[in-house]
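Values in this text are rule-based calculations from the coordinates and carry no lab data. Being a predicted model, the structure only gives us computed values, none of them experimental. We place every Cβ from the backbone using ideal geometry, glycine too, and count neighbours over all the protein chains shown.
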Amino acid sequence: MNVRETEKVAANLLISGKVQGVGYRFWTLQQAKKLGIVGWVKNLPDSRVEAVLMGNHSSIETMVKLCESGPPPAKVDNISVSWIKYEEMKEFEIRY
């Protein structure tokens, strides 16, 4: 592994499509825990899902790829990814 793969980074994702009411947040929580990612996920009033992912660069890239399809009932139309400042968090959570 090179330094870039293990560097701690953070990303803000805005996910649109059929992503509410299909278990997207719970699925995101499960995937993040498997990859050792911390942060949060929540539904937005405009029918999108927002997620903040923090972890090593390779795990975040893997998670973004997973979020492009989401759980089986979901239909992701678009993901906007912004790289943000890394913050220490203890776990991944669903926010309401």
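Where strands (runs of 3 or more DSSP E) fall wholly inside the chain, the ranges with 3 or more residues that are surrounded by 16 or more Cβ atoms within 10 Å (Cβ to Cβ) and under 10 Å from the mean Cα position of the chain (by Cα) are 8-18, 38-43, 49-56. Among residues of segment 51-78 that are over 25 Å from Lys90 (Cα atoms), those with a beta-carbon under 6 Å from a residue that is part of a loop (DSSP other than H, G, I, E, B) and of a type in the set (Asp, Glu) at least six positions away or on a different chain give the pairs Val76/Glu68.
Annotation note: Cβ proximity below 8 Å between a residue of segment 23-49 that is in contact (Cβ under 8 Å) with a residue 40 or more places away in the chain and under 13 Å from Glu91 (Cβ atoms) and a residue that is assigned to a helix (DSSP H, G or I) and of a type in the set (Lys, Arg) (sequence gap 6+ or interchain) occurs for Val41/Arg25.
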